[in-house]
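Quick notes on the structure that follows.
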Amino acid sequence: MLHNSISEPENHKYFKIYKPDGYLSQFIYNQKKRQKKKLLGELGDFPEATMAVGRLDEPSEGLLLLTTDGKASYRITSTGLEKEYHVQVDGLITDAAMRELQNGVEISIYGKPYQTKPCQVERLSLPENLPKRNKKIRDERHGPTSWIRVIITEGKYRQVRKMTAKINFPTLRLVRYRIDDITIVDLQKGEVKEISSFRQ
């Protein structure tokens, strides 16, 4: 658990936010093209040197941790903490496909093959109280969908999306629900809450 391994100095700041879809997990956009991007700084008044702990890609949403403490950020991203995602996939997912995910699948990370670690996967009823997205996802008229809970202990680039694509159930909506024992239960879309540390 986070509180067993991390002791943060009191002078640093810690936040949890519900990142909406359509936002980049960063505060500065350095590329010259397509500069009209929504950045995390638009969601609140953050102190200088605030950084995102890990990332969620632009279409993904849910829990994101922010801090001014680089050491705490590194420890969280490098210690194999559980990350729970609620994932809507295209089609009615099968038991066999979920077993493939559980056992690990081969995906590509920056052009190189990577075997994902075994993880937890189970069917999920339609999650309650999820906010409406900024960008709409296709509806059931275009075919059935399924929701699954995926719990991983790693965090490669676009990993969950690549995993579900590998088993032919592409991700339609991805919500990060939990990192270790910190969740989005008490957050609205776009809401920022300062917390005393990364301990709940």
Determine the principal axes of the Cα atoms in the range 83-179, then give the extent along each, sorted from largest to smallest and rounded to whole angstroms. 35, 27, 24
Kindly provide the chymotrypsin sites (Phe, Trp or Tyr not before Pro) of the range 96-158 that DSSP labels as loop, not H, G, I, E or B, and whose Cβ sees at most 15 other Cβ atoms within 10 Å. 110, 157
Take the Cα of residue 103, step 7 Å along the line toward its Cβ, and report every residue of the range 120-146 whose backbone nitrogen sits under 16 Å from that point. 120-121
Karplus 3J(HN,Hα) series, Hz, for the range 93-107 with 6.51 cos²θ - 1.76 cosθ + 1.60 (x for Gly, Pro): 5, 9, 4, 4, 5, 5, 5, 4, 4, 4, 7, x, 10, 8, 10
Going 7 Å from the Cα of residue 193 along its beta-carbon direction, which residues of the range 55-85 have the amide nitrogen within less than 17 Å of the resulting point? 62-67, 84
Which residues qualify? For residue 14, with a placed amide H closer than 5 Å and at least 5 residues away or on another chain, they are 195
Are any of the pairs 112/132; 36/193; 71/189 more than 32 Å apart by Cα-Cα distance, and if so, which? 112/132
Where the only charges are on Cβ atoms (+1 Lys, Arg; -1 Asp, Glu), what is the dipole of the chain about its Cα centre, to the nearest 20 debye? 920 debye
Principal axis dimensions, largest first and in whole angstrom, of the chain by Cα: 49, 37, 36
Before rounding to the nearest 500, sum -39500 (n - 2.57) across all DSSP H runs of length at least 4 in the chain and divide by the residue total; then give [θ] at 222 nm in deg cm²/dmol. -4000 deg cm²/dmol
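Coordinate-derived values only; no laboratory data. Worth saying up front: this structure is predicted, and the values here are computed from it rather than measured. Backbone-built Cβ (ideal geometry, glycine too); neighbour counts: all protein chains shown.
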